[in-house]
Amino acid sequence: MVKSESISKGLLSSSTAQVVAKVCGLLRSTLTAVLFGAGFHVDTYNVANAIVMVVFLIGGESFSYAGVPRLSRQFARNQADAFGAFTRSLFIIALTLASVGWLVTEVAFPYIASGVAPGYAHDEHHALLVTTRLMIPGCIFFLAGKALGASLNASKNYSIFAMSEAIASLAMLFSLFFLRAVPYSLSASFTCGQAAGFVFLFLKSYKLLHTTRRFRLRAFLRDVRFFLGVALSYLAMCALHPIFLFFEKRFGLQLGTGVLAALGYAQLVSGSISSLPSFGTVFFPKISVSLTQETFNQILKVISCYTIPASIFTYVFSYNITDAIFGYGKMTSAEVLVTANFLAVLSVVVFFGAYEAIILRFLYAANMTRNAFVGRLLSYVVAVVSLLIMHDMFMLKSELAIYSGIFSATSAVFFFYVFMMTKRIRIESSTVMYAVVLAALSFATGGAAKFIANALGLEKLVFLVFSFVVYSVLTSGLFLVVSKDPLVIVLKQRLAGFLGRN
């Protein structure tokens, strides 16, 4: 098998690769904003991306939720043949699902497109169809890579999959630059990037497919039955997602050209920030083999060290982040402001999203899949009801309708998951106090950093970098001084020992 990594090394290496991937993604979005602004081309790409996400991309995570717990236990018991056989089955399942997804997209596209974009003319629908078709090969590479990624995760090879994502983002960026004058360059660059990432991933991980067991249809069908049995709740959650996407994209198009593009830019930034450290990927194998209260609370504290300061920084500096990344070329000041407002609301996703991902993995590891499905169902119901109330009942024809849907859905599913999790594992009061103290310090230092940067008269990127450095130093320094949590005390002792040796 491929050499394993420790949790600390895995977090460092995968996070470094994620930084490269996210920076390339942000540069690609900046290039998109410069070349296309927030107009029809970007709206069409976002709608096509939503369509293929429903059919292909969302289901990719089911390989992680269904495969990692079983593969982690096989890996811990050194069952190499069983590990390789199940990895092979997951890879075949991924290719099968990708083929089915391609057929579904071709057959159902006219109905999906007319429902999501009813105001599109014939030529615009044709452009949407071509954009979607160009993205399908990339989605097939994505699904196959997710199956291999589950095995890499279970065998504690965290950085390889993250590196493949970095290569994919880098390839997307360069292909968009070189194909910028070609029609449908956004969708073509997506497929080029996914192909490059999959080739790297396969070359690095094909050994995981090795097994002395011959392929037998009966054994494969048993693996399929197991996969569907565990992943069914997650696939059901995926089936619910189109409902929210339908209302979100439909209302976005009704609000006018550019609103969906602004939302897409903001979602990219918030998603990049929230997923920068691969907490879910790195901690899932540990969760699968050690489902204890101590493990759960320690992981929450580790996540809080990054998630709380990151979400508050995103909220306080939402306009500065947006202006520094997208405020160029064809992007107008009004479009920058709309994107910044979306980003401020999405800062709650940075906060809740990381915790939700970990709690969801605990639910799957504890075989509480029904609760996972009910929580996601609740979030989508709350989101759609919020959109309908804000948009129709109050006739609020503005971006605030989408803001309310995002905020209510994210907070609803988070609190439900916390409630269900406490029936199995208790969240300790020290963990809550740890988060409260860190949040209070983050708000205070965020305001101070912004005040200092404004007083110095800094602008755009210099303003953002300076504010980030001041914010990081003040928040981490004050938290180390103020907090009395045992985890922080151990960290201070190790830091003091390191400084003493040097």
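The values are calculated or read from the model by the stated rules, or taken from the named source; none is laboratory data. The structure presented is a predicted model; accordingly, all values stated were derived computationally and were not measured. Ideal geometry is used to build each Cβ from the backbone, glycine not excepted, and the neighbour counts take in all protein chains shown. These accessible areas exclude ligands, DNA and RNA; they are computed on the full protein's heavy atoms, side chains included. Shrake-Rupley method; radii C 1.70, N 1.55, O 1.52, S 1.80 Å.
The packing ranking, built from the mean of other Cβ atoms within 10 Å per residue, places the peptides 322-329, 66-73 in the order 66-73, 322-329, highest first.
Residues within the reach of a label modelled at Arg426 (point 7 angstrom out along Cα to beta-carbon, backbone nitrogen below 12 Å), restricted to the stretch 286-317, are 293-294. Distance between the 7 Å Cα→Cβ label points at Phe466 and Leu217: 7.1 nm.
Note on the stretch 340-360 and the stretch 276-313: Cα centroid distance 15 Å, given to the nearest whole angstrom.
Remark: accessible surface ordering of Asp123, Asp81 (largest first) is Asp123, Asp81, probe radius 1.4 Å. Packing-based ranking of 152-162, 83-93 yields 152-162, 83-93, ordered from highest to lowest mean Cβ neighbour count within 10 Å. Peptides 7-20, 358-371 ranked from most to least packed give 358-371, 7-20, packing being the mean of other C-beta atoms within 10 angstrom over each peptide's residues.
The stretch between Ser290 and Val182 holds 33.7 nm of extra length on full extension. This uses 0.36 nm per residue minus the Cα-Cα distance.
Can you pick out the pairs among Lys204/Lys301; Lys156/Lys301; Lys9/Lys207; Lys22/Lys204 whose Cα atoms lie more than 27 Å from each other?
Numbers: Lys204/Lys301 33 Å; Lys156/Lys301 21 Å; Lys9/Lys207 22 Å; Lys22/Lys204 21 Å.
Beyond 27 Å between Cα atoms: Lys204/Lys301.
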